[in-house]
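Heads up: the structure comes next, in structure tokens.
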Amino acid sequence: MNNVKCECGHVSPVGTVLCEACGNPLLEEIKQKDSPLDMRYEGAARRSQTYNKTIIDKVWNFFSSVKIAVYMIVIVLVASIVGTVFPQEMYIPVPKPASIFYEETYGFIGKIYYLLGFHNLFSSWWYVLLLLMIGISLVVCSLDRMIPLYKALKKQKVKHSVNFLTRQRLKAEISVPAEWGVKLDQLQGFLKKRHYEVRREGDSLLAEKGRFSRWGPYINHIGLIIFLIGALMRLVPGYYLDQYVWVKDGETKKVPETPYYVKSEGFTIDFYEKGDLPEDVGLDNLQGVIKQYQTKAVLYENVNEGLPGSEPKLQEVARHEIIVNHPLKYKDLQLFQSGQRPQAIAALNMTLVNEKTGDKLGKFKIDLYNPQTEYKINDTTTIKMLEYYPDFEFTKDKKPTTKSPNPDNPAFVLNVFSPQTPQGEKAWLFLGSYLPAPGTENIYGYEFSMPDLTNITGLMVRKDKSLPVIYFGCFISMLGLVMGFYWQHRRIWIQTQGPIVYVAGHTNKNWFGLKYEVLDVFKKASIPVSLVEHGKDGKKVD
Amino acid sequence: MGRKLIELSSNLLLAAFILYIIASFVFAISVTGKRWGKQGEQAHKQKFGSIGFWITIAAVLAHASYIITRWIGQGHIPTSNMFEFIAFLAFCIAVAFVIIYLVYRVPILGAFAIPVVFIMIAYASVFPRTVTPLIPALQSYWLKIHVTTAAAGEGIFAVGFAAGLMYLVRTIDQSKDSRSRRWLEGTLTLVLMLVGFIITSVVFNAMDYKAEFQLNVDNTKSVVEYKMPAIAGPQDAVLLTDSAMKPWFEAPGWMKGLNAAKKLNTVLWSVLSGLGLYLLLRLLFRKRLGQLLQPALSDLDPEMIDEISYRAIAIGYPVFTLGALIFAMIWAAEAWGRFWGWDPKEVWALITWLFYTAYLHLRLSKGWIGEKSAWLAVIGFIVVMVTLVFVNLVIVGLHSYAQVG
């Protein structure tokens, strides 16, 4: 393929549609027609429209196609809609495995939904792959268009071929008015007043404004790419931490995967009271409406972290009253108010009783969060804890198991060793009841007294180093959108060719505004002009 | 003091509602009644256009006063429940219309855009108007920033929708049967269904209609209270209210949950009353709705209305991006520790954004202008409404703070 030479003598690179110098169409089939010229990318040569031989060309062309991009957007859109029909796995309201939940709750459709992987759509490989492909498309589309467009706009000359001017969407031809030189100066002045940058060559001028708005879409795309990179950065180890910690009142607990410890100096739930809202707004009953969850938190750093075998040595580094919307922040670490178990059972208080004699042998306390393996009742009697299920349930084949590590439904297997029971005596212990091993009659029983209650706060632990990148991407993206949508690139050509003055106008949007502006400056210079609007039908589809 | 202000705010909203209705009639007359007076057609159009505009301004001011008085009255911005949000969205649509009107000065746009506003206000009033104290998650200045910006973006999209619909009514050939013609009738019927929903809700509410059903959900006996006569009753339920109408049929078994059948019933009422309204209008005017509306737009330049629709969406898109996505992400990061969590409402905001992204690419790069573009503008706002109505009321998630009362 060779470079193309225009009638004006200028040689443009291969693939160019409109001559770089004079704007004359270079392809015969466009030259012959009278329809408005396709002014997108200024008719510059685009890689994707020029080469289609090698694999690289084909891949490039695939990703530079807006049609493909729109297809990908639509697929993501439709998939996302399907993804909200039933809750995602992470939002399942009951603690059941996904394999059971969907079929049980939504029947056959639910089963299909689960089998097709829609229950975890947004982290499925193909969804993420589509997002990545859209990302690649953003890069390729932008490079394919922005560079040629930039060059073409930079190179543009004042004078153009007549064919270029008469085939703009907005155009007029008038015979040279009297005192044209003076009038043209006036026009130039009025255009400048309207913030146009005017270049003049003899009896011709090119007025242009808002060229920067042409970069808007590309800047927006760059912002989106930065955003996507930010989102991917979370996959880098150490960039993103997602943990959870439950802390009892007064307890100090290690923050998982960090050198920090957090202490709750008290978790409270505030309820709305009478004086909280302006009087008499029609809400007489505010009872039970939660106003705020709050944890008085202290953050410690373990100075000995990383020293093998050393005891943690804690140093206070931050103190904050965590409420919803106001997390504790220290360096990268953030602790969010996220869950609550007010008045939760912290420990069971029990007495060991000899059921035969009614003798009370002694009291003991089982801390549900930190149970001991052995409880000494008196000099001769000890209880060993054999098994502990904080959240007891039976599996399908009737084996005991725990649903979660939270002591919501604690159950134990205890073994009492005493002179009467040297081999031990086993019993199941539940909240408020106990059960001897099947087929045996136990000597010992248990008496329950008031358990210890405590407030437990659930703190979400987050570290997200990618956040600044993500926000920066958003900012760039917005900048591009504002540039591209709230400004327009307008150009007005006025060219004298013998007895005729050719007027042409082009804008990338808001033709209404451009038309008004052209008419206005001509009116001010008192030159009668009737603008012709070429139909939009000439817009080509590529 | 508080209660008086809230009462005042309700009255201001009612005043705005009435003024909007008057304004849309005046805008309609500016074009349809141009042959009435002695003055020239242009003069008539200008005069009524400007009267309509000033009535709209008065309505917007009343609407703004409603927001301010309610804000002061309850102590937080009125965007925290369904009633407040939809009333606020209506305000945004009205303001967006005023801005677009000032640019293009097309009076008949008011006859399409302003009805969207008062239908929205009517729709808002279906939801409970009581002041809701802010739950902890909503106690943030982002409530003001995120919700208002998102609503502003959606409001501008609504004007794009109105203009798109006008383009379709103006250009679709009514003389011969076509897919476009049928779809247009369908779209207009959809609007009537929303109106039907509002009317039936208001009527049965005024009648204080109640029908209680007892049913088993997850092995516990529960009671559901219908506020509309049950066309579709819950499966295997016992009607407890004697005077109430017996259900015509039971909701299918796959619709689980306590309120599923009730929601289905509401949808049925909306569809049936919408179809009823449609038939009534057809019988009354003996014309298709498209045919009925078309003459009002006959002297409108289709390219102009196409541009208005596109322009509105081009203005709304950055605002929506900022409000519904970026501000939402910042707030989510502050409140929940993650900027994005694939919550249904978040996903639907993304869906809306992707839809308008596709619209812009198709229009700017693929030359989809005119009818195709107008259809997309119409569907786009339907997506917005789905996000607002369906996701809030049907799909449960973090954002579903509003439930049907």
For this session: Please specify each residue of the range A:151-196 satisfying the condition of being without any contact (Cβ under 8 Å) to a residue 60 or more places away in the chain and under 40 Å from the mean Cα position of the chain (by Cα).
Result: A:K154, A:H195
Seminar exercise, completed: All-but-one check, A:M450 against (1) of a type in the set (A, V, I, L, M, F, W, C); (2) at pLDDT below 90; (3) within 34 Å of the chain's Cα centre (by Cα), failing number (3)
For this session: Would you mind stating whether B:K34 is more than 14 Å from chain A (Cβ to nearest Cβ), at pLDDT below 95, within 30 Å of A:K515 (Cα to Cα) and part of a helix (DSSP H, G or I)?
Result: no
Exercise. Name the residues in the range B:288-305 that are within 19 Å of B:Q174 (Cβ to Cβ) and surrounded by 14 or more Cβ atoms within 10 Å (Cβ to Cβ), would you?
Worked result: B:R288, B:L289, B:G290, B:Q291, B:L292, B:L293, B:Q294, B:A296, B:L297, B:L300, B:P302, B:I305
Seminar exercise, completed: For helices (runs of 4 or more DSSP H) lying entirely in the range B:321-386, having 2 or more residues that are within 8 Å of chain A (Cβ to nearest Cβ) and either under 30 Å from A:M39 (Cα atoms) or of a type in the set (S, T, Y) (or both) picks out B:344-366
Exercise. Going by the conditions given, is B:F197 modelled with pLDDT of 85 or more and either part of a helix (DSSP H, G or I) or loosely packed, with under 15 Cβ neighbours inside 10 Å (or both)?
Worked result: yes
Problem set entry | the range A:72-105 - residue that is more than 21 Å from the chain's Cα centre (by Cα) and within 11 Å of chain B (Cβ to nearest Cβ) and, of those, nearest to A:L138 (Cα to Cα) | A:P93
For this session: Among what's in the range A:106-115 and is modelled with pLDDT of 85 or more and farther than 25 Å from B:V383 by Cα, pick the residue that is farthest from the other protein chains (Cβ to nearest Cβ).
Result: A:L115
Seminar exercise, completed: Exactly one of A:P390, A:P312, A:P327 is crowded, with 17+ Cβ neighbours inside 10 Å, away from every other protein chain (no Cβ under 14 Å) and not small (G, A, S), and that one is A:P390
Problem set entry | Unique match (being closer than 26 Å to A:S526 by Cα, crowded, with 16+ Cβ neighbours inside 10 Å and touching a Gly at 6+ places or on another chain (Cβ under 7 Å)) among A:L170, A:L121, A:L184, A:L165 | A:L170
For this session: Would you mention how many residues in the range B:209-223 are out of contact with any strand residue (DSSP E or B) (no Cβ under 8 Å at 6 or more places or on another chain) and either within 9 Å of B:A237 (Cβ to Cβ) or of a type in the set (A, V, I, L, M, F, W, C) (or both)?
Result: 1
For this session: May I ask you to say which residue of A:Y240, A:Y272 is more than 30 Å from A:M133 (Cα to Cα) and either in contact (Cβ under 8 Å) with a residue 24 or more places away in the chain or aromatic (F, W, Y) (or both)?
Result: A:Y272
For this session: Would you check if B:F27 is surrounded by 21 or more Cβ atoms within 10 Å (Cβ to Cβ), modelled with pLDDT of 95 or more and not β-branched (V, I, T)?
Result: no
Exercise. Can we say A:F472 is over 30 Å from B:E371 (Cα atoms), in contact with a Pro (Cβ under 9 Å, 6 or more places away or on another chain), of a type in the set (A, V, I, L, M, F, W, C) and at pLDDT 90 or above?
Worked result: no
Exercise. Is there a residue being buried (at least 17 other Cβ atoms within 10 Å of the Cβ) and within 12 Å of chain B (Cβ to nearest Cβ) anywhere in the range A:346-359?
Worked result: no
Exercise. A:R491 versus (1) within 30 Å of A:C22 (Cα to Cα); (2) surrounded by fewer than 20 Cβ atoms within 10 Å (Cβ to Cβ): which is the lone unmet condition?
Worked result: (2)
Problem set entry | Residue that is farthest from the other protein chains (Cβ to nearest Cβ) [pool: residues in the range B:119-138 that are farther than 25 Å from B:K4 by Cβ and of a type outside the set (A, V, I, L, M, F, W, C)] | B:Y123
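So that you can scan it fast, the table gives a plain yes or no per residue for (1) in contact (Cβ under 8 Å) with a residue 12 or more places away in the chain; (2) surrounded by 19 or more Cβ atoms within 10 Å (Cβ to Cβ); (3) touching a Pro at 6+ places or on another chain (Cβ under 7 Å):
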site	(1), (2), (3)
B:A113	yes, yes, no
B:M120	yes, yes, no
B:T130	no, no, no
B:P133	no, yes, no
B:K144	yes, no, no
For this session: Test B:L281 against the criterion of being away from every other protein chain (no Cβ under 14 Å), over 19 Å from B:I108 (Cβ atoms) and either in contact with a Leu (Cβ under 7 Å, 6 or more places away or on another chain) or at pLDDT below 95 (or both), and give yes or no.
Result: yes
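The values are calculated or read from the model by the stated rules, or taken from the named source; none is laboratory data. The structure presented is a predicted model; accordingly, all values stated were derived computationally and were not measured. All Cβ positions, glycine included, derive from the backbone under ideal geometry; neighbour counts span all protein chains shown.
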